[in-house]
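Peer 1: One structure follows; several queries about it will come next.
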Amino acid sequence: MTGSEGVVVGLIVNPVSARDIRRVVANASGLQIAERTNIVLRALSALGAVGVDTVVAMPDRKGVRVLLERSMQRDRNLGRTLPTVRYLDMPVTSTVTDTHAAAGQMADLGVAAIIVLGGDGTHRAVVATCGRVPIAGLSTGTNNAYPELRESTVTGLATGLYATGVVPPLVALVENKVLDVSINDDEVSDIALVDVVASTDRYVGARALWKTGSIVELFVSFADPEVIGMSAIAGAIEPIGRRDQAGLHVALDPKADRRVMAAIGPGMVERLGVTDWSRLKPDEARKVAPEAGTLALDGERELELSPGDRATVTLRTNGFRSLDVGAVMSWAAENNKNLTDQQKNTDQ
Amino acid sequence: MTTVVGTRLITYREAINEALDQEMTRDPSVIVMGEDIVGGAGAPGEDDAWGGVLGVTKGLYGKHGDRLMDTPLSESAYIGAAIGAAASGMRPVAELMFIDFLGVCLDQIFNQAAKFRYMFGGKAETPVVIRAMVGAGLRAAAQHSQMLTPIVTHIPGLKVVCPSNAYDTKGLLIASIRDNDPVIFCEHKALYEEQADVPEASYVVPLGEANVVREGSDCSIVTYGMMVGRSLEAAALLEQEGISCEIVDLRTLSPLDLETVTESVENTGRLVCVDEANPRCSIAADVSAQVSRDAFGSLRAGIAMVTAPHTPVPFSPSLEDAYIPSVDAIAGAVRAVTS
Amino acid sequence: MADNPFPLDREGLLQAYRTMRTIRGFEDRLHLNFAKGEIPGFVHLYAGEEASAVGIMMHLRTADRIASTHRGHGHCIAKGVAPHEMMKEIYGREGGSCAGKGGSMHIADLDVGMMGANGILGAGAPLACGAGLAAKHRGDGDIAISFIGDGASNQGTFLESLNLAAVWNLPTIFVVENNGYAESTSRDYGVAVDSYIDRAAGFGLPGISVDGTDFFAVYEAAGEIIDRARNGGGPSLMECEMVRFYGHFEGDAQTYRADNEVADLRASRDCIALFRGRVEGAEVVAAAEFDAIDAGVDALIDDAVASALAAPEPDVSALMTDVYVSY
């Protein structure tokens, strides 16, 4: 999008990801606010270097914004050029509502892409309302099955190269799978990017899922043996790639003889009882086991089920678009997009 | 002390505000810092929301802007920073909200500010003023009501001021800000609403000068702070009994104007020291010992001391009232030394 | 009645509500009576913050110790200090928790493990380290908790205590009650990075941040970290992000808050209303039962105030007692 603000990219930083109980029960890493701010600053430098004029950001109330503004002022004092960062005018509740609102507003504004810092939950929240705006994910959460652990300078560069039109969408963007969750024919509906876990627990409480004794089944949109989290259980049984047109459905039982070893959380390796598993086909609605009490979406308990509720999970292959950083950087190199003549520079 | 007829009545609190305002206008190196001295920093409502917890600094932000700095709740850090800034060419006025919080930042005050000039062979100047609320009477209980003047008076290198009225407050604060040594400026919180005639123009009441607020011939009462008012009340009662009291308001506790005190005792021959602090190592004990040493021959009776008891400040109103030296206790002591 | 999906049984849920509601009733009444001029000195009210005190304290034994802040009434009630004694103390009467000599900011009851509200910010943190040290020596799994505000988290004593607890592996937990305001100063101004977990991380301590208005989030997280401390897992930090309804002290006009800020918070983030809504919604407790508790609490507070007003001020001889054990 170019207009009075020039090329605009969105930025959503979840200040409260990686803040939950897994830091206490499992030695999980917690990325400090100061570190998240540095990640953003590096991405901003890169965006600025390739001509992104404006970054529209989600406001927050617990530290990233205040520190970022202070840091940007310091960087300006040192003569560094950064895009203008403009905060959306919206109420701040420090809950996922903020992320939904911000992503929706950024989509309405027509931003070229949204850079997201967070874990699976944050990315999920952005996807819920960003429509077809592609996201460029950076992992700062606990469960990072979806977003990549990648140097933000490079993600910023790739995002900027796509946003300024140097790299075309066919190269830069890929489609991602999601799991659609429906309760009672869409009386309640939600999505997950990576996994849906059904457990017999009946309350949401401190949200993060870490006790496995009550899990009865697991649905995943991809099964990567190299990640941690509940989807690691699937990855340990039958790997399925992010671009494969399938998902996996696993039935679990703590009393089962057959056990799978999986890294279900940071520092947490367990052996879980498995009774059965099968591939999910796109657009095929699978029923959730009737004894399920809560559904955790991407690692966080989200939906409470009452007895008699009918829940289904469906794999959808064109859930959302994301930036393929590797593809962008390779294509730019192969097509000489990083080379410029001095003369051409002064003309622009 | 002369009062010019026709000047205005303002409160002790307003006098502090005015002194700060006038000194900040006169001297750009004066900055003011403390917890909520402006108030509302970073918050969505009004700026200058408080102007200090009891409103003493209200309105200064509008006139002097960033030279008023709200601080985080970190006495060690910001009192220390004020001291460091003073040692680096500025003239900070830092507020220690209650002198009871002295413990949190004591090292910066007594080991750093107080000792720089001496330890560094005469090459340092630390013109910092630390304003602190002192005293009991507001039912603020044990950790918000103390009179810790003896502790800071004891430390070589610190000056200590404790005015009893709005006129002295303005002049002494201006003098303290202009003084090139660290000054602990003690404001009695129970006196904030007391009014006096205070000239609008800037003026100085010199440090180290006591003030004879009442002349008399039978007994000298030496005191400071809120006890000055109580001593005046006691003197009025005693006058009716034919006992004439002279009252010396110390105003500055360090340096002490011992000369005015001994002159008074040489005239009256009797001394009662009245001090809101606890008795051990108090200002009363200190003055008594010095007078004994320097004017023993003039004394016609033993010296009496009227102080708070050796207890923390109690909360319950009736107990707090019993804690603070009363008019009756002061009058009783005078009667005892004059009988 | 439906199945109970909550981590507390019915009795527990009722007790949680009763305790939170007692704190709210107590604080609301003080707000009214202070405005009438009945109460001497300064009071700092905990209304709006109940879920933190109760969600945490329900995991504690009598022998566990807590060090509180100047805003300590909620901690006192949740730890088991008698409301009647507290009310007498606040009114400065005989029979008060501290015999009328401490006042609101200094209420303590060491018999129930309440090491005192404190007028000096940050002073409780080292004290809680000490209680943790003693508990570690006794070896019976007791713990200590230091409550501290977002503003006081800038005090050296707090940071030093995190370090000390870490190097000695003390069973001491630090709870930062972050209501966003240090007196009138916002955390955005006064706290360099508004993350207390990050401060703890600097000392190698794990931390967890919860919505302090969500009783169940507080309860669950507190349970984990308390259990960890009891079993030799050492210190940790919990941040409860919460809201205070009244001013810093009674008499504070709160002009530093946005228009309608408090009204909006009362409407959307009242921890007691949220708790009641969830539990009633799950049909585990009926509205009538909660209403009965409300009535009971109101009667209790009425009685506490009446007995405080009826109690005499301490005899003047009390001025001189208990300075020392012996002298």
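Peer 1: Report the local net charge at B:THR7: Lys and Arg +1, Asp and Glu -1, summed over other residues whose C-beta lies under 15 Å from its C-beta.
Peer 2: So the surrounding residues net to -3.
Peer 1: Place a point 7 Å from the Cα of A:SER278 along the Cα-to-Cβ direction; which residues of the stretch A:299-332 have their backbone N under 20 Å from it?
Peer 2: A:310-317
Peer 1: By the gyration tensor of its Cα atoms, with a ≥ b ≥ c the square roots of the eigenvalues, what is the shape of the stretch A:35-101: rounded for a/c under 1.5, prolate for a/b over b/c, or oblate?
Peer 2: Prolate is the answer for the stretch A:35-101, as a/c is 1.5 or above and a/b outweighs b/c.
Peer 1: Let me ask something else about it. Please compare each pair in A:LYS211/A:LYS255; B:LYS189/C:LYS36; B:LYS115/B:LYS170; A:LYS62/A:LYS177; A:LYS62/C:LYS79; B:LYS123/B:LYS189 to a cut-off of 25 Å on the Cα-Cα distance and tell me which ones are over it.
Peer 2: Among A:LYS211/A:LYS255; B:LYS189/C:LYS36; B:LYS115/B:LYS170; A:LYS62/A:LYS177; A:LYS62/C:LYS79; B:LYS123/B:LYS189, the Cα-Cα distance tops 25 Å for B:LYS115/B:LYS170; A:LYS62/A:LYS177; A:LYS62/C:LYS79; B:LYS123/B:LYS189.
Peer 1: Another question, if that's okay. Given only helices, namely DSSP H runs of n ≥ 4 each adding -39500 (n - 2.57), what is the per-residue ellipticity at 222 nm of the protein assembly as shown, to the nearest 500 deg cm²/dmol?
Peer 2: -10500 deg cm²/dmol
Peer 1: Straight distance only, please: which lysines reach the Cα of C:LYS101 with their own Cα at less than 19 Å, same-chain residues fewer than 8 apart left out?
Peer 2: C:LYS88
Peer 1: While we're here: For the stretch B:211-338, what is the per residue volume of the convex hull drawn over the alpha-carbon atoms, in cubic angstrom?
Peer 2: So the per-residue Cα hull volume is 96 Å³.
Peer 1: Translational diffusion coefficient, Stokes-Einstein: compute it for the stretch B:1-80 using the Kirkwood radius over C-alpha pairs as Rh, at 20 °C and 1.002 mPa s, and state it as an integer in µm² s⁻¹.
Peer 2: The diffusion coefficient I find is 156 µm²/s.
Peer 1: Kindly give Rg over Rh for the stretch B:124-261, based on alpha-carbon atoms, with the Kirkwood expression for the hydrodynamic radius.
Peer 2: When Rh is taken as the Kirkwood radius, the ratio is 0.98.
Peer 1: Evaluate the charge dipole of the stretch A:114-235 about its Cα centre and quote only its size in Debye, nearest 20, assuming +1 on the Cβ of each Lys and Arg and -1 on the Cβ of each Asp and Glu.
Peer 2: With Lys and Arg at +1 and Asp and Glu at -1, about 340 debye.
Peer 1: Most exposed first by the Cβ proxy, i.e. fewest other Cβ within 10 Å, how do A:THR294, A:THR140, A:THR164 rank?
Peer 2: With the sparsest Cβ surroundings first, the list reads A:THR164, A:THR294, A:THR140.
Peer 1: Can you give the local net charge around B:LEU54? Use residues other than it whose beta-carbon is closer than 13 angstrom to its beta-carbon, Lys and Arg +1, Asp and Glu -1.
Peer 2: Taking every other residue near B:LEU54 into account, the sum is -4.
Peer 1: Let me ask another. Taking the Cα centre of the protein assembly as shown as the origin and placing charges on Cβ (Lys, Arg +1; Asp, Glu -1), which of B:GLY229, C:ILE143, B:VAL272 is farthest toward the positive end of the dipole?
Peer 2: Working it through, the farthest residue towards the positive pole turns out to be C:ILE143.
Peer 1: Any cysteines in chain B with zero other Cys Cβ atoms under 4.7 Å from their Cβ? List them, or say none.
Peer 2: Within chain B, the cysteines lacking a partner Cβ under 4.7 Å are B:CYS105, B:CYS219, B:CYS245, B:CYS273, B:CYS281.
Peer 1: Of all beta bridges DSSP finds with both residues in chain A, what is the antiparallel percent, to the nearest 5?
Peer 2: Bridges in chain A that DSSP calls antiparallel: roughly 70 percent.
Peer 1: With just the Cα atoms defining each centre, how far is the stretch C:217-250 from the stretch C:28-74? Give it in Å.
Peer 2: 15
Peer 1: Taking the beta-carbon count within 10 Å as an exposure proxy, list C:LEU14, A:LEU315 from fewest neighbours to most.
Peer 2: Ranked by crowding around the Cβ, least crowded first: C:LEU14, A:LEU315.
Peer 1: If you filter the stretch C:8-41 for GluC sites (Glu not before Pro), then keep DSSP loop positions with at most 14 other Cβ within 10 Å, what is left?
Peer 2: C:GLU38
Peer 1: With the cut-off at 1.5 for a/c, could you classify chain C from its C-alpha gyration tensor as rounded, prolate or oblate?
Peer 2: rounded
Peer 1: Checking understanding here: applying a Kyte-Doolittle mean of at least -0.5 and a length along the axis of at least 27 Å (C-alpha), which whole DSSP H helices in chain C pass?
Peer 2: C:287-310
Peer 1: By how many nm would the segment from A:GLU69 to A:ASN318 grow when fully extended, if each residue of separation counts as 0.36 nm and the alpha-carbon distance is taken off?
Peer 2: 86.0 nm
Peer 1: With Cβ to Cβ distances under 13 Å as the rule, what net charge do the other residues near C:SER268 carry (K, R +1; D, E -1)?
Peer 2: Residues close to C:SER268 contribute a combined charge of -3.
Peer 1: If you filter the stretch B:45-131 for GluC sites (Glu not before Pro), then keep DSSP loop positions with at most 16 other Cβ within 10 Å, what is left?
Peer 2: For GluC sites (Glu not before Pro) across the stretch B:45-131 that sit outside H, G, I, E and B with at most 16 neighbouring Cβ atoms in 10 Å, the list reads B:GLU46, B:GLU125.
Peer 1: About the Cα centre of the protein assembly as shown, what is the dipole size in debye to 20, counting +1 per Lys and Arg Cβ and -1 per Asp and Glu Cβ, all else neutral?
Peer 2: 2500
Peer 1: Related question: I need the shape label for the stretch B:7-199. Rule: rounded when a/c is under 1.5, else prolate if a/b > b/c, else oblate, with a, b, c from the alpha carbon gyration tensor.
Peer 2: rounded
Peer 1: Among A:ALA34, A:MET106, A:GLY308, flag the residue with its Cα farthest along the positive direction of the charge dipole of chain A, charges on Cβ as +1 for Lys/Arg and -1 for Asp/Glu.
Peer 2: The listed residue farthest towards the positive side: A:ALA34.
Peer 1: For a quick check: sort A:ARG301, C:ARG10 by the number of other beta carbons within 10 angstrom, fewest at the front.
Peer 2: C:ARG10, A:ARG301
Peer 1: May I ask you to evaluate 6.51 cos²θ - 1.76 cosθ + 1.60, the Karplus curve with θ = phi - 60°, for each residue of the stretch A:251-259 and list the ³J(HN,Hα) values in order in whole Hz, giving x for glycine and proline?
Peer 2: 9, 10, 8, x, 8, 5, 6, 6, 10
Peer 1: Regarding the protein assembly as shown, what whole-number volume in Å³ per residue does the convex hull of its Cα atoms give?
Peer 2: Measuring per residue, one finds 196 Å³ for the Cα hull of the protein assembly as shown.
Peer 1: Using the crude model of +1 on Lys and Arg Cβ and -1 on Asp and Glu Cβ, and no other charge, please compute the dipole size for the stretch B:7-199 relative to its Cα centre, in debye to 20.
Peer 2: In total the dipole reaches around 520 debye.
Peer 1: Given an 8 Å cut-off on Cα distances and at least 6 residues of separation, report the relative contact order of the stretch C:10-320 as a percent.
Peer 2: 23
Peer 1: Which of the listed residues, A:GLY160, A:VAL171, A:PRO282, is farthest toward the dipole's positive end in chain A, when Lys, Arg count +1 and Asp, Glu count -1 at the beta-carbon?
Peer 2: Checking the options against the dipole of chain A, the answer is A:GLY160.
Peer 1: While we're here: Quick one: Debye curve from the C-alpha atoms of the stretch A:237-348, no solvent, what's log10 I(q)/I(0) at q = 0.11, 0.17 Å⁻¹?
Peer 2: -0.59, -1.08
Bear in mind that the values in this text are calculations on the coordinates, not laboratory data. Predicted model, so just to flag it, every value in this text is computed and none were measured. Every residue, glycine as well, gets a Cβ built from its backbone with ideal geometry; the counts of neighbours run over all protein chains shown.
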